[in-house]
Amino acid sequence: MRTRNLLVICALAFCAAGCSSIEPWVAPYDRENLADPIMAGRAAVSQDFLDHVFESREGSRGATGGAGGGCGCN
Amino acid sequence: MIHAMRLRLARYVITCFGLLAASAGAGVLPEDRADVLYFRYDGGGVVISGPSMLVRKSIGEHVSVQANYYIDMVSSASIDVETSASPYDDERTQYSLSADFLHGKSTYSIGYVNSDESDYTAKTLYAGVSHDMFGDLTTISFAYKTGQNEVFRNIKIDGVKQNDPAFADEMETQSFSVALSQIITKNMIVSGQYEVITDEGFLRSPYRSVRFFVDQVAGTQGQQSEIYPNTRSSNAASVRAKYFLPWRAAIDSMYRFYTDTWGVVGQTAELGYVHPLDKPIWGGNWIFEGRVRYYSQDAADFYQDIFPRANYANFMARDKELATYSAVTVGAGATYEFKIERFPWLSKAQINLRYDFMTVNYDDFRDARQSIGSYGIPPPPELVRPAGQEDLYTLEANIFQLYISAFF
């Protein structure tokens, strides 16, 4: 059952990957604001240190990173 | 059980790697940069300071590598240390190496982290994949991490600090996370992440004690070692949003919900604002940032500030990080960005200064120094409180960061 669920999830991800022909509603040339350096967030060297501080002081952990891969706006 | 779980996770990651690798397109590697950070944390009797150096460099058009070297110099006289041990100094050294491989619209990442201190070593391996799709409006990511840790206990023999030859144990941790990033409008991007972490092995501190009533009416107490479960599984889910404001500024927010098999429930909320100045000053650009973070937590099921008697339960903890409390962190930062004409290979450089102030208010962790004393010395008679009736503990910390970044 668990294996089947995993396969379904991965198959959906694969299908989604194959749908890159969908017309993006925000065109690449419209992503100037998203690519602005002020949207980039804190430097990794600083954020990693702060995450370490919070993880040491708190019982919670995980899901602290961004989504990864950026916004595709170079 | 852990072995079976690891096999399932590995199979899942490998399957997704294979499916996503079949796609084609164009992704983006992180930019080349170098950072040197000096940090200092000072709060609750603990001072941690040190440098961290990070270098990221592309090799060709499809590979980017990163190296990080980090040192924590710890001087601890925390409340736990005051009530049950002696102040100590220690040093933790950590290095990490990672590589990102770009293939079409997919980026594959692998990494290794090694952390060493006198009574704890940790080795962590991780792998992940992220994939851009829907015209690069959406990025989906998967990551898997596994860590092997060795736990020791320092004691003094003939006045020399060394590992207790009678104690050594291990802990294994694994994590799996999935994340989705989505461009909503030309000014807004949101992301969500879900992470499962499982730990197995020696999970408590080999130094910390719990306290219990010897005579509750008289307010007398005793101490014994903590007793923890050997496993812990946690679930954390977070959502983030970033918005580009009309006057060239950015606002971002984050919310995270956390729960685990120990009964800890935590919630985190964060709000940030980034504002660049319109005109250069001193030949460079200035960017200012303000941030506030709120955290609240319900205690672990087996946490108590003071137990009714010795050996009261199968599991007993008095780690204040497992107590009920709330915390607020307020921070501000400034970045000065400039170019150096004589170094044309340097696209830009930054000097960054950040300061954060953290306050933690505990609801069920009391200041046991008022009954036990500090380092074996009883409190002054006028300050003595019966066990279990001490003031609630509060912690304040100053967090300072200065770092220089160079972009190539």
Quick one: dipole size for the stretch B:55-207, taken about the Cα centre, charges +1 on Lys/Arg Cβ and -1 on Asp/Glu Cβ, in debye to the nearest 20. 700 debye
With n ≥ 4 as the cut-off for DSSP H runs, can you work out [θ] at 222 nm for chain B, using -39500 (n - 2.57) per run divided by the number of residues, rounded to the nearest 500? -2000 deg cm²/dmol
Tell me, what is the Rg over Rh of the protein assembly as shown, with Rh the Kirkwood radius over Cα pairs? 0.99
Sorted on mean Cβ neighbours within 10 Å (highest first), peptides B:142-149, B:161-168 come out as B:142-149, B:161-168
What number comes out for the charge environment of B:A313, summing +1 per Lys or Arg and -1 per Asp or Glu over other residues with Cβ under 13 Å away? 0
Largest first and to the nearest Å, give the Cα extent of the stretch B:227-312 along each principal axis. 66, 25, 19
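For B:Q267 and B:T394, what is the calculated FRET efficiency with R₀ set at 25 Å and r taken between the beta-carbons, to the nearest 0.05?
For B:Q267 and B:T394, the calculated efficiency is 0.80.
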Nearest 0.05, what FRET efficiency do B:E341 and B:N361 give at R0 = 45 Å with Cβ-Cβ as r? 0.30
Taking N as its residue count, the alpha carbon Rg of chain B over 2.2 N^0.38 Å: 1.12
If you place +1 on the Cβ of every Lys and Arg and -1 on the Cβ of every Asp and Glu, how big does the dipole about the Cα centre of chain B come out, in debye to the nearest 20? 1180 debye
Give me B:E390, B:E61 sorted ascending by neighbouring Cβ count inside 10 Å, so fewest comes first. B:E61, B:E390
Only Cα pairs within less than 10 Å get springs; with that Gaussian network setup on chain B, which residue of B:V217, B:V81, B:V239 has the largest fluctuation? B:V217
Full-stretch length increase - B:E382, B:A218 - with 0.36 nm per residue and alpha-carbon distance subtracted: 57.3 nm
Hits among lysines - C-alpha to C-alpha of B:K186 under 27 Å, sequence gap 8 or more where chains match: B:K105, B:K242, B:K279, B:K348
How many nm separate the modelled label positions at B:N311 and B:Q182, each set 7 Å beyond the Cα in the direction of the Cβ? 5.6 nm
Net charge, B:H103 excluded, C-beta distance under 14 Å - Lys, Arg +1, Asp, Glu -1: -2
Counting Lys +1, Arg +1, Asp -1, Glu -1, what net charge surrounds B:Q350 among other residues with beta carbon under 13 Å of its beta carbon? +1
Partner shielding of B:250-259, as the mean number of partner chain Cβ atoms within 10 Å, equals 3
Largest first and in whole Å, give the semi-axes of the stretch B:144-211's equivalent ellipsoid, each being the square root of 5 times a Cα gyration tensor eigenvalue. 43, 14, 11
How high is the FRET efficiency between B:E170 and B:I71 when r is their beta carbon distance and R₀ equals 22 Å, given to the nearest 0.05? 0.35
Using just the Cα positions, wrap the stretch B:249-408 in a convex hull and report its mean projected area in square nanometres, one decimal place. 14.9 nm²
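Here, each number is a calculation from the coordinates, and none is a lab measurement. Remember, predicted model here, so these are calculated numbers, not experimental data. No Cβ is skipped: glycine too gets one built from the backbone with ideal geometry, and neighbour counts run over all protein chains shown.
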